[in-house]
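Undergrad: Right, I'll just put the structure down here and ask away after.
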Amino acid sequence: MAQVYNWQLGRQMDYRFPEAHPDRQFAAVFNINRCIACQTCTMACKSTWTFSEGQEHMWWNNVETKPYGGYPHHWDVKLLQMMNRYAPGQSWDVAQADEKKAPYGVFDGQTIFEVASNNNLPGVAIGYIPPDDEWTAPNIFEDTPRSRGADPAPAQLPEHKTWFFYLQRICNHCTYPACLAACPRNAVYKRPEDGIVLIDQERCRGYRKCEEACPYKKAIYRPSTRTTEKCIACYPRVEGSDPLTNGVPMETRCMSACVGKIRLQGLVEVNADGTWKEDPTNPLYYLIREEQVALPLYPQFGTEPNVYYIPPRWVPRDYLHQMFGPGVDDALARYEAPSRRLMAVLQLFRASQTIIFNFEVKEGPKIRDVNLNGKTWSIYDDTVVGYDKNGKEAVRVSVQQPFFERPAQYLNSI
Ligand code: SF4
Ligand code: SF4
Ligand code: SF4
Ligand code: F3S
């Protein structure tokens, strides 16, 4: 095993291959607070990529209801229980937090790779292959809340006595993919231009080690071809080679179809050592590294996932800490009373299909003062302008949405 630096863990960790990083990394932010579980994203992916024979059970994008739901069933609970058997009491040292190298502190526990190597388990990572009947539904236990009646883990907001939330899931195009490390055929690769992780269907022989090792269970076996397939990050759109995009990088199908406007996807620039190049006008960099309002899913697994989540406000914090790490409290404090700049950048979600590489905020007048938890918080009608890869304006949207009244002569009289 080589030693690689995982900035989400704030430390070096074991990995099968030495460090090698792409120039840019595919990344996305999902705002859980806004998702309505309409599954439009799920169907956008299904109707584009997985409508063929042998793919019936495949949902490269799915939205599941937490805490009970999961696709495949209980994927995260199962893995957490397995890890807990070998490495109980995993914790973080938040005192060692460092803005650049360890924004969430230092992870004191063991990753999926380290649990395997420290305990002489077979394979590069601890994992399992879900049986067929666990791949049945993209949102099983839909809308099933936690704790009716006496609540041992009360929700955070007084109006919510019970809680559930929707978790949107695609492949994380991890920096240190477990699927890639596990494949004995080296059929899985990470593209140097955008960090997208793909399975070479010519090389794959269906060993399913990728499926076993992926902690997020996003590599899925296809019996009709005896190969494994996964989310391909709609790479023709991201690289601008889809005829629709006119050569300009465009967001993926599941992102651009999102009805709830919860998704923002793009590319961040990466240094040779794997750290992110400082780029405060890139909306992804801004949200994830500067405001730190969006967090990785189960960072303790150690794959350095590249999909980030704004956590749900109403859910018990201990649950969120396990799922998103120790950055949850700060992230929610920033989301609940957003800075002027954050408020503007949040308007970029689903404002355009074009990938926004940079943004600027043009200041507008104050709209009003609001009393929030005993403090005065001001809202401004600022305008955020997003620019595409070539520096051309792609979108312009204001905090206060314009109000249009339909003139009387156009009223629908039917
Ligand atoms: Fe591989 Fe799973 Fe990471 Fe996707 S989420 S890159 S399938 S380890
Ligand atoms: Fe499907 Fe593309 Fe979304 Fe991946 S990025 S889940 S391939 S729509
Ligand atoms: Fe949630 Fe958007 Fe998907 Fe609807 S389309 S389920 S709002 S992520
Ligand atoms: Fe390798 Fe997975 Fe195929 S382990 S051979 S990519 S099924």
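Rule-based calculations on the coordinates, nothing more; no lab input. Remember, predicted model here, so these are calculated numbers, not experimental data. Neighbour counts run over all protein chains shown; Cβ positions are idealised from the backbone, glycine included.
Undergrad: Quick check for you: which residues of the stretch 103-120 have the amide N under 16 Å from the point 7 Å beyond the Cα of residue 1 toward its beta carbon?
TA: Under 16 Å, as judged by backbone N against the label point of residue 1, lie 107-120 of the stretch 103-120.
Undergrad: Under 4 °C and 1.567 mPa s, how fast does the stretch 34-134 diffuse according to Stokes-Einstein, given a Kirkwood radius computed over C-alpha pairs? Answer in µm²/s, whole number.
TA: Diffusion coefficient, whole number: 77 µm²/s.
Undergrad: To continue, here is another question. Which of the GluC sites (Glu not before Pro) across the stretch 161-262 are loop residues per DSSP, with 14 or fewer other Cβ within 10 Å?
TA: Of the GluC sites (Glu not before Pro), the ones in loops of the stretch 161-262 whose Cβ has at most 14 other Cβ atoms within 10 Å are 193, 202.
Undergrad: Can I ask one more? Run the paramagnetic zone check for residue 281: 7 angstrom along Cα to Cβ, then residues of the stretch 375-391 with backbone nitrogen under 15 Å.
TA: It comes to 384-391, nothing else.
Undergrad: Take every DSSP beta bridge whose two residues both sit in the chain, then give the antiparallel share in percent to the nearest 5.
TA: 90 percent
Undergrad: Please report the base-10 log of the normalised intensity I(q)/I(0) for the chain, using a Debye sum with one equal scatterer per alpha carbon and no solvent, at each q in 0.06, 0.11, 0.13 (1/Å).
TA: Values, matching the q order: -0.24, -0.84, -1.19.
Undergrad: Cα centroid distance between the stretch 278-351 and the stretch 1-28, in Å?
TA: Using only Cα atoms to place each centre, the spacing works out to 20 Å.
Undergrad: Please check the chain for the longest run free of chymotrypsin sites (Phe, Trp or Tyr not before Pro) that are loop-located per DSSP (anything but H, G, I, E, B) and have at most 13 other Cβ atoms within 10 Å.
TA: 52-402
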